[in-house]
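In what follows, a single structure is set out as structure tokens and then discussed.
The values are calculated or read from the model by the stated rules, or taken from the named source; none is laboratory data. Nothing here was measured: the structure is a model prediction, and the numbers come from that model. In this analysis, Cβ positions are derived from the backbone assuming ideal geometry, glycine residues included, and neighbour counts consider all displayed protein chains. In case anyone asks, the SASA skips ligands and DNA or RNA and just uses the protein heavy atoms, side chains included. Shrake-Rupley method; radii C 1.70, N 1.55, O 1.52, S 1.80 Å.
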Amino acid sequence: PLYGSSSASGGGGGSAAGGDATLVGELAAVRVGPAYERSGQLLRRNLQRRLEGLEPGTAAKYQLELSIAWNYDPVGYRLDGTISRIRVTATGNWVLSTLSVPPQVLGRSAIGYRILDDFDVPDLQFFSADAAREAMEGRVMIGLADEVARQVAMVLRARLREQATAGAPATTTATAAK
């Protein structure tokens, strides 16, 4: 939206929270674990915008660990037998746990979320091929971040409902340390 908040930019409420202020606070308390390769860093940055970016400065209560598996399949060939198009399947898995000692696992992906994309490999245009691959990688990481944020929101929403029905306050690292 032109003048409203946008979940893609990580502002105000976000689509994962659905406008629930309590859930926004819980999502903002999620810290995304480190990533060591380029695609993981892109995923981490997208998730930080969707989670921590909802309310900057919120104290951390949860840790989100991620893993990504890639599969590349050639789907197009030129007359000389060289590859002209590649289909990529990325599978993302996550684990959400508390920051208490010992950590308590709150949720994980039962089945990794798969996303498909593809890109052309132009003949003898290495810069174009690399740019096409990077653009595809960016699209895939945005899709994975959207789905992981939705799944984490569902886990935290269920946790909030459990606590509301039990009448217990949310467990934080401060109360867990006492």
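Residues satisfying the criterion are present in the stretch 107-114 (criterion: out of contact with any Ser or Thr (no Cβ under 6 Å at 6 or more places or on another chain) and closer than 24 Å to ALA21 by Cβ). Under the condition of being open to solvent by less than 60 Å² (accessible area, probe 1.4 Å), within 20 Å of ILE142 (Cα to Cα), of a type outside the set (A, V, I, L, M, F, W, C) and in a helix (DSSP H, G or I), the residues counted in the stretch 20-52 number 6.
This table checks each residue for (1) hydroxyl-bearing (Ser, Thr, Tyr); (2) open to solvent by less than 30 Å² (accessible area, probe 1.4 Å); (3) under 18 Å from ASP73 (Cα atoms).
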{"residue": "ASN93", "(1), (2), (3)": "no, no, no"}
{"residue": "LEU99", "(1), (2), (3)": "no, no, no"}
{"residue": "PRO102", "(1), (2), (3)": "no, no, no"}
{"residue": "ARG114", "(1), (2), (3)": "no, no, yes"}
{"residue": "ASP118", "(1), (2), (3)": "no, no, yes"}
{"residue": "VAL121", "(1), (2), (3)": "no, no, yes"}
{"residue": "SER128", "(1), (2), (3)": "yes, no, no"}
{"residue": "ARG133", "(1), (2), (3)": "no, no, yes"}
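Considering every residue within the stretch 100-107, establish whether at least one is touching a Phe, Trp or Tyr at 6+ places or on another chain (Cβ under 9 Å) and not hydroxyl-bearing (Ser, Thr, Tyr). The answer is yes, given that some residue of the stretch 100-107 is touching a Phe, Trp or Tyr at 6+ places or on another chain (Cβ under 9 Å) and not hydroxyl-bearing (Ser, Thr, Tyr).
Could you list, in sequence order, all residues of the stretch 58-86 that are surrounded by fewer than 13 Cβ atoms within 10 Å (Cβ to Cβ) and of a type in the set (Val, Ile, Thr)? Of everything in the stretch 58-86, those that are surrounded by fewer than 13 Cβ atoms within 10 Å (Cβ to Cβ) and of a type in the set (Val, Ile, Thr) turn out to be VAL75, THR82. Taking the criterion of being free of Cβ contacts under 8 Å to residues at least 40 places away in the same chain and within 26 Å of VAL95 (Cα to Cα), the residues of the stretch 106-133 that qualify are ARG108, ALA110, ILE111, TYR113, ARG114, ILE115, LEU116, ASP117.
Quick check on GLU55: is it open to solvent by 70 Å² or more (accessible area, probe 1.4 Å), touching a helix residue (DSSP H, G or I) at 6+ places or on another chain (Cβ under 6 Å), in contact (Cβ under 8 Å) with a residue 12 or more places away in the chain and of a type outside the set (Ser, Thr, Tyr)? Against the criterion (open to solvent by 70 Å² or more (accessible area, probe 1.4 Å), touching a helix residue (DSSP H, G or I) at 6+ places or on another chain (Cβ under 6 Å), in contact (Cβ under 8 Å) with a residue 12 or more places away in the chain and of a type outside the set (Ser, Thr, Tyr)), GLU55 qualifies. Listed conditions (1) open to solvent by 50 Å² or more (accessible area, probe 1.4 Å); (2) modelled with pLDDT of 90 or more; (3) under 25 Å from ASP120 (Cβ atoms) are all met by THR89, apart from (1).
Counting only residues that are assigned to a loop (DSSP other than H, G, I, E, B) and touching a helix residue (DSSP H, G or I) at 6+ places or on another chain (Cβ under 6 Å), the stretch 91-140 holds 4 of them. Beta carbons closer than 6 Å, at least 6 apart along the sequence or on distinct chains, pair a first residue in the stretch 26-37 that is on the phi < 0 side of the Ramachandran plot and at pLDDT below 95 with a second that is of a type in the set (Lys, Arg) and in a loop (DSSP other than H, G, I, E, B) for ALA29/LYS61. Screening ILE142 on (1) modelled with pLDDT of 90 or more; (2) exposed (fewer than 13 other Cβ atoms within 10 Å of the Cβ) shows it passes everything except condition (2).
Filtered by the rule that a residue be of a type in the set (Gly, Ala, Ser) and either in a loop (DSSP other than H, G, I, E, B) or closer than 25 Å to GLY112 by Cα (or both), the stretch 53-90 gives GLY53, GLY57, ALA59, ALA60, SER67, ALA69, GLY81, ALA90.
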